[in-house]
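Notes to accompany the following structure.
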Amino acid sequence: MKRLSGFILFATICLILPIIFPDNYYVTVVGLTIFINIILAVSLNLLMGYAGQISLGHAAFFGLGAYSSAILTIKYGLNPWLAMLAGAAFVVTLSYVLSRPILKLKGHYLAMATLGLGIIVHIFFVQADELTGGPDGISGLPTLSFLGLAIDSDVKWYFVLCSYMLLSVLFSLNIADSRAGRALSAVHGSEIAAQMMGINTAKVKSHIFVFSALMASIAGSLFAHQQDFVSPESFSFFFSIELVTMVVLGGLGSTFGAVIGAFILSILPEVLIVFEDFEVLIFGAILMVIMIFLPEGLFVALKNKVAAFLAGRQEGSK
Amino acid sequence: MALLEVKNLEKRFGGLKAISDLSFSVPEKMVFSIIGPNGAGKTTLFNLLTNIYTPSSGSIFFKGQEITNLPPFKIARLGISRTFQNLQVFLNMNVIENVMVGCHLRSKSGLIASALRLPSVIAEEKNVKQMAFEALEFCGLSDYADRPAGGLPYGILKKLEVARSLASKPELLLMDEPAAGLNDTETAELCQLIKRICDSGITVLLVEHNMSLVMEISQTVLVLNYGKLLAEGTPEEIQRNPEVIAAYLGEG
Amino acid sequence: MDQLLQFIISGLTVGSIYALVALGFSIIYNASDVVNFAQGEFVMIGAMSAIFMLKAGFSYPLAAFIAIAITAGVGLALDKFAIEPAKNATVVSTIIITIGASIFLRGAALLIWGKEIYGLPPFTTNEPIRIGSATILPQNLWVMVGTAVTVFAVKYFFDHTKMGKAILACSFNKKAAYLVGINVKRMLLVSYGLSAALGAAAGLLVTPITFMSYNAGVMLGLKGFCAAILGGMGNSMGAVLGGILLGIVETVGAGFISSGYKDAIAFFVIMLVLFVKPSGILGKGEAERV
């Protein structure tokens, strides 16, 4: 299985870490944030990296999943898994309805429309306080349990989120190497040529938009249960921008690029905390510098360098 | 019955008539060429046939079915494919993947099945790769299969577009200036390729400026001038037609 | 009805500010095909600089002038150090570069001026003027008049000066402009400076009404982007029109529906416009060439 060797290595590392370091803050606390961010970045990369459709509002679907779980379990006493499913169904419906008109747009217009969607949803979280608890949010979600086992510790959450994260990465890798993935890349490369190859471009874009929103919604539900709390802050315009940054930082179109981008951006605040007020400044500077000098992204640039080096050695040995 | 039939086709851009009252029909299994001076409306005609532009009036039939207002992907599904004058290769993919996109219509795995990589997907994937490789071989590109399309020379990219179209097993292939920018050797290769495409049972509709190529491989030639049909006939008839000569020499 | 008049007055005021920001957007977009997400930060930097110049003891006009100069300098630096080095960047890349720049500038503002909220005194007395049962503050008039004067000055610059025409030439066709001897790089630089100065002017005009803090530029920038799209991306006068329209729609909408949803109304409107006519009010449709 050469195709999945990178994935297997990655999965092994992720699953062994908490066994070696069960009480390490960076593994079992920061690790959870990293996993959520990886899931979101990988799902956004399906849309942005594969299909080439920018979205500045991905946090909206993440937030809708989280709020659906919080509201349905606390206010309506629904079973957490049913609430997650209901949230997912709502997000799928909403994203499907919006996908056609939104994805007809290109470039800056698409950026504007997705940004607008993200901001409207965020304002709704803040303003509809009867339902969402307003700026204070909602706390006290019921414990999620799986096959009778309550997920009530950081280590248990580690394995739950890690499994979903690995599943997302696997799905993303599988899609890249398939008819569906090639159709997305074709849309990215030339929409007119894609159409001439018989690809219903509007449908393909709409499907990946919905799929990516669905992944984010489930991540949101899990996040709400894990944090035991939801508030509008977690789903703001800035978080959408951060997600885009993760994808671009690692390298658009590469699943592991998204993974690495999410990883770096998740631990950055932990590292930058010593700089206190400089955090925002440094974050902005990194974003600019990477985009100006390594527009293909850290991971992809590195991968290309290694590939070129290996090719050079092969040439040399001939 | 003709494979492709165009009736009273017209396209206006603002006040300008790019194509006016054009009718012709293309029989099966032949090379049918469209020539004309620059700005005669040849590429516009291709864009109308594939509904990248919507005709202002008139109608287009393929195998007796009206396709005038079908979206391009549905036209492709009926068996029409095309190459582009300004290349539309997927530069973000490698060569074999480009051609595998051409197999889109001959395979069917959806997004969910692909994400789960069901056994049917694995089997189909193998099959698609095989079909794509055959198309590459047909066009003499098998050595390039794993190269990224991005860095390849122009001549190779032109062939790649042909391979990609052939992979969809079309009945009608529209080729928009395939020889433009090619050197003499490449043009000679292209000539052989077009002949082999036609021999394999595919009808070729060709827009081309290279007259010797057109005269060598076409059974019928249609001349467009200012969006209107100037003449239609065998290569010999066209070469002898005084109106055509005048149009090309810029008289009148 | 009186309420409506009052809403329209405040709508025109905010709309004027949006118009200036949108004009800045469209100048940069025309010159370099970049949507500058740091446009809102120009507004913030202009206002904050003026506030601190005033505190440092400069007279109001001088403080305003220095603030505009500082912001223009930031604009030049943005082009020189972030846009120019990334020549062949894709649309997505430039969006992210300018978002990075906006975060960077916000971070710098946070370091220099802290998180406090500041205000500027109104330009002249603050006696409300009554129009029927509605009132208008002198500063609202200042905003509208200041915007009008600035817009006409910009229009004059592009229509009647050699440099303005050269910038327009760059926006139509960079290669051709270069071939006829226009220094394209310099024209881009001027566009960024000009656009930043416009942002600073907007900041100076609006701060006596709405206050300013290090992160207040974000929403203003996004609204300016909305306005620019509403008017038709790249159409300067469309941007101005879009700004004023957006201000009025937003204020009237907020007044009659709910002020908490004010920003949501603006974005809702812009999404509807995009769905129905993506090229904006004055924009032209573009056909893809194959």
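The values are calculated or read from the model by the stated rules, or taken from the named source; none is laboratory data. Predicted model, so just to flag it, every value in this text is computed and none were measured. All Cβ positions, even for glycine, are placed from backbone atoms using ideal geometry, and neighbour counts span all protein chains on display. The protein model used for the area step is the full one, side chains on, heavy atoms only, and it has no ligands, DNA or RNA in it. Shrake-Rupley method; radii C 1.70, N 1.55, O 1.52, S 1.80 Å.
Going through region C:228-260 one residue at a time, which ones are more than 20 Å from the chain's Cα centre (by Cα) and either buried (at least 20 other Cβ atoms within 10 Å of the Cβ) or modelled with pLDDT under 90 (or both)? Full working, then the answer.
Restricting attention to region C:228-260, the residues satisfying the condition of being more than 20 Å from the chain's Cα centre (by Cα) are C:252-260.
Scanning region C:228-260 gives C:Gly253, C:Ala254, C:Gly255, C:Phe256, C:Ile257, C:Ser258, C:Ser259, C:Gly260.
Is there a residue in region A:73-86 that is assigned to a helix (DSSP H, G or I), of a type outside the set (Phe, Trp, Tyr) and under 22 Å from C:Tyr261 (Cβ atoms)?
We begin by selecting, within region A:73-86, every residue assigned to a helix (DSSP H, G or I); these are A:73-74, A:80-86.
Still in the list and also of a type outside the set (Phe, Trp, Tyr): A:73-74, A:80, A:82-86.
Those still in the list that are under 22 Å from C:Tyr261 (Cβ atoms) too: none.
Taking every residue of region A:73-86 in turn, none turns out to be assigned to a helix (DSSP H, G or I), of a type outside the set (Phe, Trp, Tyr) and under 22 Å from C:Tyr261 (Cβ atoms).
Would you check if C:Phe123 is buried (at least 18 other Cβ atoms within 10 Å of the Cβ), aromatic (Phe, Trp, Tyr) and within 9 Å of chain A (Cβ to nearest Cβ)?
Numbers: buried (at least 18 other Cβ atoms within 10 Å of the Cβ): yes; aromatic (Phe, Trp, Tyr): yes; within 9 Å of chain A (Cβ to nearest Cβ): no.
Here the answer is no, as C:Phe123 does not meet what is asked.
I'd like to check something: does region B:177-191 contain any residue that is in a strand (DSSP E or B) and within 14 Å of another protein chain (Cβ to nearest Cβ)?
Filtering region B:177-191 for residues in a strand (DSSP E or B) gives none.
No, region B:177-191 contains no residue that is in a strand (DSSP E or B) and within 14 Å of another protein chain (Cβ to nearest Cβ).
Can you find even one residue in region A:204-213 that is more than 10 Å from every other protein chain (Cβ to nearest Cβ), in a helix (DSSP H, G or I), open to solvent by 20 Å² or more (accessible area, probe 1.4 Å) and within 28 Å of A:Pro135 (Cβ to Cβ)? Please lay out each step first, then the result.
Of the residues in region A:204-213, the ones more than 10 Å from every other protein chain (Cβ to nearest Cβ) are A:205-206, A:209, A:212-213.
So of that shortlist, the ones also in a helix (DSSP H, G or I) come out as A:205-206, A:209, A:212-213.
From what is left, the residues that are open to solvent by 20 Å² or more (accessible area, probe 1.4 Å) are none.
No, every residue in region A:204-213 fails to be more than 10 Å from every other protein chain (Cβ to nearest Cβ), in a helix (DSSP H, G or I), open to solvent by 20 Å² or more (accessible area, probe 1.4 Å) and within 28 Å of A:Pro135 (Cβ to Cβ).
Within the bounds of region A:216-233, is there any residue that is open to solvent by less than 40 Å² (accessible area, probe 1.4 Å), part of a helix (DSSP H, G or I) and under 24 Å from B:Ser109 (Cα atoms)?
Yes - at least one qualifying residue is present in region A:216-233.
For every residue, the table says whether it meets (1) of a type outside the set (Asp, Glu); (2) in contact (Cβ under 8 Å) with a residue 24 or more places away in the chain; (3) touching a Phe, Trp or Tyr at 6+ places or on another chain (Cβ under 8 Å); (4) open to solvent by less than 10 Å² (accessible area, probe 1.4 Å).
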residue: B:Glu171; (1), (2), (3), (4): no, yes, no, no
residue: B:Glu177; (1), (2), (3), (4): no, yes, no, no
residue: B:Asn183; (1), (2), (3), (4): yes, yes, no, no
residue: B:Cys191; (1), (2), (3), (4): yes, yes, no, yes
residue: B:Ile194; (1), (2), (3), (4): yes, yes, no, yes
residue: B:Leu205; (1), (2), (3), (4): yes, yes, yes, yes
residue: B:Tyr226; (1), (2), (3), (4): yes, yes, no, no
residue: B:Thr234; (1), (2), (3), (4): yes, no, no, no
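Among the residues of region A:262-276, are any within 14 Å of chain C (Cβ to nearest Cβ), of a type in the set (A, V, I, L, M, F, W, C) and open to solvent by 20 Å² or more (accessible area, probe 1.4 Å)?
Residues of region A:262-276 that are within 14 Å of chain C (Cβ to nearest Cβ), as a first pass: A:265, A:268-269, A:272, A:275-276.
Now drop any that are not of a type in the set (A, V, I, L, M, F, W, C), which leaves A:265, A:268, A:272, A:275.
Applying the additional criterion that residues be open to solvent by 20 Å² or more (accessible area, probe 1.4 Å) yields A:268, A:275.
Yes: one or more hits.
For region C:89-134, enumerate the residues that are in contact (Cβ under 8 Å) with a residue 40 or more places away in the chain and assigned to a loop (DSSP other than H, G, I, E, B).
Once the filter is applied, which keeps residues that are in contact (Cβ under 8 Å) with a residue 40 or more places away in the chain and assigned to a loop (DSSP other than H, G, I, E, B), region C:89-134 yields C:Gly114, C:Lys115, C:Glu116, C:Ile117, C:Gly119, C:Leu120, C:Pro121, C:Pro122, C:Phe123, C:Gly132, C:Ser133.
Residue-wise test of (1) touching a Leu at 6+ places or on another chain (Cβ under 8 Å); (2) within 11 Å of chain A (Cβ to nearest Cβ); (3) within 28 Å of A:Asn174 (Cβ to Cβ).
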position	(1), (2), (3)
B:Phe61	yes, no, no
B:Val95	yes, no, yes
B:Gly102	yes, yes, yes
B:Leu111	no, yes, yes
B:Glu124	no, yes, yes
B:Gln130	no, no, yes
B:Ala135	yes, no, yes
B:Ser142	yes, no, yes
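Please work out which one of (1) open to solvent by 20 Å² or more (accessible area, probe 1.4 Å); (2) touching a residue at least 60 places away in the same chain (Cβ under 8 Å) is the condition B:Lys42 fails and give its number.
Condition not satisfied by B:Lys42: (1).
Within region B:81-127, which residues are of a type in the set (Val, Ile, Thr) and either part of a loop (DSSP other than H, G, I, E, B) or without any contact (Cβ under 8 Å) to a residue 24 or more places away in the chain (or both)?
Taking region B:81-127 as the starting set, the residues that turn out to be of a type in the set (Val, Ile, Thr) are B:83, B:89, B:95-96, B:99, B:101, B:112, B:121-122.
Scanning region B:81-127 gives B:Thr83, B:Val89, B:Ile112, B:Val121, B:Ile122.
Please list, ordered by residue number, the helices (runs of 4 or more DSSP H) wholly in region A:236-298 having 2 or more residues that are of a type in the set (Phe, Trp, Tyr) and in contact (Cβ under 8 Å) with a residue 12 or more places away in the chain. Full working, then the answer.
On the way: elements: A:237-250, A:255-272, A:279-293.
The qualifying helices (runs of 4 or more DSSP H) are A:237-250, A:255-272.
For region C:60-99, give me each residue that is open to solvent by less than 50 Å² (accessible area, probe 1.4 Å), aliphatic (A, V, I, L, M) and away from chain A (no Cβ under 14 Å).
Correct list: C:Ala63, C:Ala64, C:Ile66, C:Ala67, C:Ala72.
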